[in-house]
Each structure stands twice: as C-alpha cells, then as structure tokens.
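Enquirer: My structure is below; once you've seen it, I'll send some questions.
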Amino acid sequence: MKNSIEIKNVSKKYPGFALKNINFCVPEGTIVGLIGENGAGKTTTIKALLNIISSLGDIQVLGKNIRKHEKEIKQDIGVVLDNSFLSEYLTTKKLNTIMKDFYNNWDEKKYMYYIKEFQLPENQLIKEFSSGMKMKLKIAIAISHHPKLLILDEPTSGLDPIVRNEILEIFRKYIEEDETRAILISSHITSDLEHISDYIVLIDKGEIKLDKATTELLENYGIVKCSKEDFEKIKIEDYISYRAGKYQYEVLVADKYEFRRKYDISVIDRPTIEDIMLFYIKGGKA
C-alpha cells in the first residue's frame with residue numbers, strides 16, 4: 001500500500017510551543033483522523049504539511065517532496081482550512097469562474113452539482129451564508145478538481161449534528177469512489193471520527209502520543225473500573241494510564257482480552273475515542 005502522506009521527524013519551534021519530531025503517514029484508500037486538544041499542534045502540523053510554514057524534517061505528499069514540488073502537488077490536493085481566504089463579497093457562481101483559472105483540472109459540472117446538492121444559492125453573497133453553508137462551499141471547492149488527497153482542518157467545527165453528518169457522508173463517498181484517494185482530517189470532535197476514520201493519530205503538546213487503527217482502539221482497548229486496592233495489584237506494564245476518582249479507579253488497558261485473562265476482573269468497558277484521548281492526555285501512570 002502506498003502512502004499519500006509521509007511525515008518524518010518534522011519539527012517546528014515557536015515561543016512557548018514546539019512540534020517535536022512528528023512521524024505518521026496516511027495510506028492510500030484511508031481516512032486518518034488527527035485528534036488532540038485545541039493548541040495541541042494539529043493546525044501547526046497541517047500548515048507544515050502544506051508548506052504554509054517552514055519546518056524541519058521530511059514531508060512527502062503524493063510521493064513528492066512538498067518543498068520542492070509545492071505547486072504541482074497542490075493541483076492534486078483539496079484543502080479546507082478554518083481560516084482559509086474566501087471573500088465574503090463573492091457568489092458561488094463567481095467563485096466558479098475564479099477556480100477555473102486556479103486549478104488545471106477544475107470540473108465546473110462537478111462544482112455546480114455540489115452547489116445544487118448542498119442547496120447553496122448561486123447569486124447570493126457568501127457573507128449572507130450560515131457557517132454550515134460556508135463550510136459546504138469550502139468542501140465543494142476542495143473536491144471539484146478531482147483531487148487525489150483531501151487535507152481538512154476542523155471541517156465540522158461549530159456545525160450542528162445534521163450538517164456534520166451530511167459532510168462526513170461526503171468524505172465517505174469521496175474515498176469509496178477511488179481507492180487511491182486519501183483524507184487527513186483534524187478534529188477535536190472525536191465522535192465524528194469514530195464512524196469514518198481508519199486510523200487515529202493523537203497529538204498532545206506537539207508530540208504524537210498514539211497512532212493506531214480505529215478498529216484496534218475501539219475493539220481491543222478497554223476501561224477497567226476498580227477499587228484502589230485492586231488497582232494497586234495491577235502491574236504498571238499492564239495498563240496505559242489511570243484516573244483516580246473519589247470512589248473508584250478507572251484504568252485504560254491496550255488489550256482487554258489479555259488483561260481479563262491475567263486479572264480477576266470480569267467487566268471491562270468499551271471506550272470511545274474521546275475516552276482514550278482523555279486517558280492519554282489527562283491520565284496518570286503510577
């Protein structure tokens with residue numbers, strides 16, 4: 001399987017924050033969710049990936065070095081950024097004319113299909129759009145030049161559940177249409193990623209803490225709830241982290257089946273991606 005994105009030892013320093021040797025990949029035919037708290041480094045990682053900011057390390061996008069082949073690569077990727085420039089005084093119809101000159105493979109029919117599919121007006125100024133309408137427009141632009149890769153930074157943030165589901169379904173269909181395509185999507189709404197992502201990459205304070213298949217996290221990981229006395233019997237190498245409550249301990253384990261075999265604890269809860277993220281970021285290790 002080829003990788004649509006390969007990031008190796010990428011670093012970037014700012015006053016008070018740094019990306020620290022970031023490593024992960026996005027295989028063809030997959031959706032990779034990049035999760036973490038606000039300020040954890042998700043947007044900085046994406047900006048480095050797109051060569052919007054300078055960084056150290058190796059970044060390959062669609063098999064090419066982004067720094068050497070930036071213009072060529074960006075013809076084949078669709079990007080949605082929270083703060084991407086989109087003039088409020090344009091219409092969807094006028095944007096079509098502009099994009100024709102920007103993308104070599106711009107597909108006017110495909111763009112107008114999405115405008116109608118998303119029920120976006122052709123002659124209304126963008127400044128009059130709701131936040132959901134604006135996000136749908138950004139996505140329509142991102143996928144209307146037949147990109148091989150989508151890079152999306154918080155594309156569902158601030159949207160209501162119905163609109164979020166509509167947008168997630170668009171991403172799912174985009175992947176299903178061509179198995180060589182891929183998506184990197186950053187989000188702090190982890191429930192969105194449980195349903196569509198193939199892999200989860202967790203970043204915290206500029207470091208990658210977790211890079212696993214989503215099915216492995218949801219099916220193999222488990223949350224053990226026990227007393228302090230039972231917790232103290234658990235070997236440190238048999239759990240990832242714990243959270244101490246007033247009446248019980250909660251313990252995150254990587255293999256609930258093996259844990260159940262070794263310890264006399266029958267009930268192990270199935271975690272959500274949000275649970276796992278909180279244990280990695282907020283949990284302790286004795």
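The values are calculated or read from the model by the stated rules, or taken from the named source; none is laboratory data. Just so it is clear, the model here is predicted, and its values are computed rather than measured. Neighbour counts are summed over all protein chains in view; Cβ atoms, including those assigned to glycine, are modelled from backbone coordinates with ideal geometry. Keep in mind that these areas ignore ligands, DNA and RNA; they rest on the heavy atoms of the full protein, side chains included. Shrake-Rupley method; radii C 1.70, N 1.55, O 1.52, S 1.80 Å.
Enquirer: Any residue at all in the range 180-189 that's under 20 Å from the mean Cα position of the chain (by Cα), open to solvent by less than 50 Å² (accessible area, probe 1.4 Å) and among the basic types (Lys, Arg)? Let's see the steps before the verdict.
Expert: Step one: filter the range 180-189 for residues under 20 Å from the mean Cα position of the chain (by Cα), giving 180-189.
Right, trim to open to solvent by less than 50 Å² (accessible area, probe 1.4 Å) and you get 181-187, 189.
With the extra rule that they be among the basic types (Lys, Arg), the set shrinks to 181.
Looking through the range 180-189, at least one residue is under 20 Å from the mean Cα position of the chain (by Cα), open to solvent by less than 50 Å² (accessible area, probe 1.4 Å) and among the basic types (Lys, Arg).
Enquirer: Based on this model, can you work out whether GLU194 counts as modelled with pLDDT of 95 or more, among the acidic types (Asp, Glu) and either open to solvent by 10 Å² or more (accessible area, probe 1.4 Å) or not in a strand (DSSP E or B) (or both)?
Expert: So GLU194 does not fit the description; no.
Enquirer: Please find, within the range 51-91, the residue that is nearest to the chain's Cα centre (by Cα) out of those that are part of a loop (DSSP other than H, G, I, E, B), among the β-branched types (Val, Ile, Thr) and under 21 Å from ALA182 (Cα atoms). Please lay out each step first, then the result.
Expert: If we filter the range 51-91 for residues that are part of a loop (DSSP other than H, G, I, E, B), which is where we start, we get 51-55, 62-63, 66-69, 75-76, 81-91.
So of that shortlist, the ones also among the β-branched types (Val, Ile, Thr) come out as 52-53, 66, 91.
Add one more test, that the residue is under 21 Å from ALA182 (Cα atoms), and what stays is 52, 66.
Details: ILE52: 18, ILE66: 20 Å.
Top of the filtered list is ILE52.
Enquirer: Going through the range 96-127 one residue at a time, which ones are among the charged types (D, E, K, R), within 21 Å of PRO155 (Cβ to Cβ) and without any contact (Cβ under 8 Å) to a residue 24 or more places away in the chain?
Expert: Quick first cut of the range 96-127, residues among the charged types (D, E, K, R) only: 100-101, 107-110, 116-117, 122, 127.
Among the residues that remain, those that are also within 21 Å of PRO155 (Cβ to Cβ) are: 107, 110, 116-117, 127.
Selection gives LYS116, GLU117.
Enquirer: Condition (residue is assigned to a loop (DSSP other than H, G, I, E, B) and either modelled with pLDDT of 95 or more or under 25 Å from TYR174 (Cα atoms) (or both)) applied to the range 10-24: is it met by at least one residue?
Expert: no
Enquirer: When the range 258-286 is examined, which residues are found to be surrounded by 17 or more Cβ atoms within 10 Å (Cβ to Cβ), among the β-branched types (Val, Ile, Thr) and not in a helix (DSSP H, G or I)?
Expert: Passing the criteria: ILE265, ILE268.
Enquirer: Is it the case that ALA40 is touching a Gly at 6+ places or on another chain (Cβ under 8 Å) and either part of a loop (DSSP other than H, G, I, E, B) or open to solvent by less than 10 Å² (accessible area, probe 1.4 Å) (or both)? I'd like the intermediate steps shown before the answer.
Expert: On the way: touching a Gly at 6+ places or on another chain (Cβ under 8 Å): yes; either part of a loop (DSSP other than H, G, I, E, B) or open to solvent by less than 10 Å² (accessible area, probe 1.4 Å) (or both): yes.
So ALA40 fits the description; yes.
Enquirer: Do you know which residues across the range 257-281 are touching a residue at least 40 places away in the same chain (Cβ under 8 Å), more than 14 Å from THR190 (Cα to Cα) and charged (D, E, K, R)?
Expert: If the condition is that a residue be touching a residue at least 40 places away in the same chain (Cβ under 8 Å), more than 14 Å from THR190 (Cα to Cα) and charged (D, E, K, R), then ASP269, ARG270 are the ones that fit.
A quick yes/no check of all residues on (1) closer than 30 Å to THR44 by Cβ; (2) open to solvent by less than 80 Å² (accessible area, probe 1.4 Å):
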{"residue": "GLU88", "(1), (2)": "yes, yes"}
{"residue": "THR91", "(1), (2)": "no, yes"}
{"residue": "THR97", "(1), (2)": "no, yes"}
{"residue": "ASP101", "(1), (2)": "no, no"}
{"residue": "TYR114", "(1), (2)": "yes, yes"}
{"residue": "PRO121", "(1), (2)": "no, yes"}
{"residue": "LEU125", "(1), (2)": "no, yes"}
{"residue": "MET135", "(1), (2)": "yes, yes"}
{"residue": "ILE139", "(1), (2)": "yes, yes"}
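Enquirer: If you scan the range 197-238, which residues turn out to be free of Cβ contacts under 8 Å to residues at least 40 places away in the same chain, in a strand (DSSP E or B) and among the basic types (Lys, Arg)?
Expert: If the condition is that a residue be free of Cβ contacts under 8 Å to residues at least 40 places away in the same chain, in a strand (DSSP E or B) and among the basic types (Lys, Arg), then LYS212 is the only one that fits.
Enquirer: Okay, moving on. For ASN165, indicate whether it is open to solvent by 40 Å² or more (accessible area, probe 1.4 Å), farther than 24 Å from GLY33 by Cβ and out of contact with any Asp or Glu (no Cβ under 7 Å at 6 or more places or on another chain). Spell out how you get there, then give the answer.
Expert: On the way: open to solvent by 40 Å² or more (accessible area, probe 1.4 Å): yes; farther than 24 Å from GLY33 by Cβ: no; out of contact with any Asp or Glu (no Cβ under 7 Å at 6 or more places or on another chain): yes.
No, not satisfied.
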